[in-house]
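Please treat every number below as a calculation from the coordinates, not as lab data. These numbers come from a predicted model, not from an experiment. As a convention, Cβ positions derive from the backbone with ideal geometry for all residues, glycine included, and neighbour counts pool all protein chains shown.
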Amino acid sequence: MSPELSHSELAHALRSLPLGVTASDLHGSLTGYLCAGADAGPDDWLDALELGFGESGLAGNAALRRLHDACRAQVAQVPADIDPLLPAPGAGLPQRAEGLVEWCRGFLGGFGLGAAHGAPLSAEANEILADFGTIAATRFDYSGTAGDARALADVIDFVRSAGAMLCRQMRTHAAAGARSLH
């Protein structure tokens, strides 16, 4: 995630907004939506994710606008730079792990909304989404060892690389579809 917006900044902004999502969940939702190849501008992305509830003024929120811009920049990079927005390492292992679970849940929901009218996914893309589903359904147990921290870091690295791979596949799929229309 761009250093321009931290998890704590977004979490603080969300406390005063009627969205009912966490910072990690919202970032995951928008990232998944954009990764699926859908597009939404800074004024309509909350509605696209079915979170706006017709609330005027939400899109003008500075933190939400920064989130939108940062997510678009991450997904647009070649290769994509998918970096889940999680609590800072100092927040503790349980909070970071829960943030990752929330991010994966959000990603899957956003991806589903964004890819709803797209062509079938490749077997590899389906496998990545299934892996994200497994993470989203996980309840982590901790023994308080350095091994737990390393294991979480490994899962976060997997999510980063798998998310980037999924974005690349969706771009390739979209480009192939555009070529076949001409």
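Within the set of other residues whose C-beta is less than 9 Å from the C-beta of ARG66, count the net charge using Lys and Arg as +1 and Asp and Glu as -1.
Residues close to ARG66 contribute a combined charge of -2.
Top mean-square fluctuation among ALA38, ALA151, ALA11, Gaussian network model of the chain, C-alpha springs under 10 Å?
For the chain, modelled as a Gaussian network with Cα springs under 10 Å, the answer is ALA151.
If I take every Cα pair under 8 Å that is 6 or more residues apart in the chain, average their sequence separation and divide by the length, what percent do I get for the relative contact order?
It rounds to 31 percent for the chain.
Could you go through region 136-150 in sequence order and give the Karplus-derived ³J(HN,Hα) for each residue, using 6.51 cos²θ - 1.76 cosθ + 1.60 with θ = phi - 60°, rounded to whole Hz, and x for Gly and Pro?
4, 9, 7, 10, 6, 10, 10, 9, x, 9, 5, x, 5, 4, 5
Between ASP81 and ALA146, how high is the FRET efficiency from 1/(1 + (r/R0)^6) when r is the Cβ-Cβ distance and R₀ = 30 Å? Nearest 0.05.
Values: r = 27 Å, r/R0 = 0.91.
With a Förster radius of 30 Å, E is 0.65.
With a Förster radius of 30 Å, plug the Cβ-Cβ distance of GLN169 and GLU4 into 1/(1 + (r/R0)^6) and report the FRET value to the nearest 0.05.
That gives a FRET efficiency of 0.60.
Tell me which residues come under 5 Å, amide H to amide H, from ILE82 once H is placed; ignore anything under 5 positions away on its chain.
Here ALA164 satisfy the definition.
Compute the distance in nm between two label points, each set 7 Å from the Cα along the Cα-to-Cβ direction, one at ARG65 and one at GLU50.
With each label placed 7 Å out from Cα toward Cβ, I get 2.8 nm.
Could you give the nm distance between label points at GLU124 and ALA137, where each point is 7 Å from its Cα heading toward the beta carbon?
Spacing of the two 7 Å Cα→Cβ label points: 2.5 nm.
Apply the Karplus parameterisation 6.51 cos²θ - 1.76 cosθ + 1.60, with θ equal to phi minus 60°, to every residue of region 14-22 and state each ³J(HN,Hα) to the nearest whole Hz, in sequence, with x for glycine and proline.
In residue order, the calculated couplings are 5, 4, 9, 10, x, 9, x, 10, 8 Hz.
Using Cα centres only, tell me the gap between region 92-155 and region 6-36 in whole Å.
One Cα centre to the other: 15 Å.
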